[in-house]
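See structure below.
The values are calculated or read from the model by the stated rules, or taken from the named source; none is laboratory data. Bear in mind that the values here come from a model prediction, so they are computed numbers and not experimental data. With ideal geometry, Cβ positions are generated from the backbone for all residues, glycine too; neighbour counts draw on all protein chains shown. These accessible areas exclude ligands, DNA and RNA; they are computed on the full protein's heavy atoms, side chains included. Shrake-Rupley method; radii C 1.70, N 1.55, O 1.52, S 1.80 Å.
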Amino acid sequence: YPRPETGSFMLSFKSGEIVAVGEAMIEMAVTHEGHYRRGFAGDTFNTIWHMAQVLGSRYDLGFVTKVGVDSLSDAFIEEVGKDGLTTKGVCQVSERTMGLYMIELDDAERHFHYWRNQSAARLLADDETWLTKAFEEASLIHLSGITLAILSQEARQRLLNSLKLARANGARVSFDPNIRLHLWASSDELCST
């Protein structure tokens, strides 16, 4: 593909939203003073966040996920809106919270510790009707191997059904494999997905 000219970026697809679907987590990153700074991150969330910073208001960009009903989830939703993303694809569920990870530094080496088993995002495909509606206006839907890995087999199938319907309605799907073997029950499950 030809490289775009510096400063120009053009997407060629029908008008509509660009959405990413997946898990955003609370990030606790150590600072040089030994304290931790709180942020929000996740592979597909980072992608759509950066797209919003580059594309600005030229496109409607959003994130599709589930979070908890608590002050940290509220802070996430507020920051998403301030950063130029729509929040209509963010659903709050009372029985779960956002996942959390901590970055520990060993000289220049980073080590990650995760607490995500009760992440609300693991429920993002439990309601196929809700998910299909979240993709309804999308021209481009971005997901990753982590998005698939955090879901049950049944939920994964519901996500694939919603994506198939979105594609039939003209949406394109972008997939980042981003394989994390420890998130899958087995390599057989990964390969059969």
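Straight-line cross-link reach from Lys82 at under 20 Å between alpha-carbon atoms covers these aspartates and glutamates, not counting any fewer than eight positions away in the same chain: Glu17, Glu23, Glu27, Asp43, Asp60, Asp70, Asp74.
Would you please classify the overall shape of segment 120-177 from the alpha carbon gyration tensor, given that a ≥ b ≥ c denote the square roots of the eigenvalues, rounded means a/c under 1.5, and beyond that prolate means a/b larger than b/c while oblate covers the rest? Cα axes put segment 120-177 in the oblate bin.
Please list Met25, Met51 in order of solvent-accessible area, largest first, computed with a 1.4 Å probe with all protein chains present. All intermediate terms of the calculation are to be shown ahead of the outcome.
Details: Met25 5, Met51 40 Å².
Ranked list, largest accessible area first: Met51, Met25.
Here each label is just a point 7 Å from Cα along the line to Cβ, and for Ser71 and Asn117 those points are 2.6 nm apart.
Would you kindly give the portion of the calculated P(r) for segment 51-125 that falls above 17 Å, as a percent of all Cα pairs? Display every interim value, and only then the final one.
Numbers: 1519 of 2775 pairs.
The calculated P(r) of segment 51-125 puts 55 percent of pairs beyond 17 Å.
Ile77 contributes an accessible area of around 40 Å² to the protein surface, as traced by a 1.4 Å probe with all chains present. Segment 34-77 and segment 114-159 have Cα centres spaced 16 Å apart.
Take Lys133, Lys66 and sort them by solvent-accessible surface of the protein heavy atoms, 1.4 Å probe, largest at the top. Please report the intermediate quantities before stating the final value.
Working: Lys133 135, Lys66 20 Å².
If we order Lys133, Lys66 from most to least accessible, we get Lys133, Lys66.
Note on Tyr36: accessible area is roughly 90 Å² with a 1.4 Å probe, heavy atoms of protein only.
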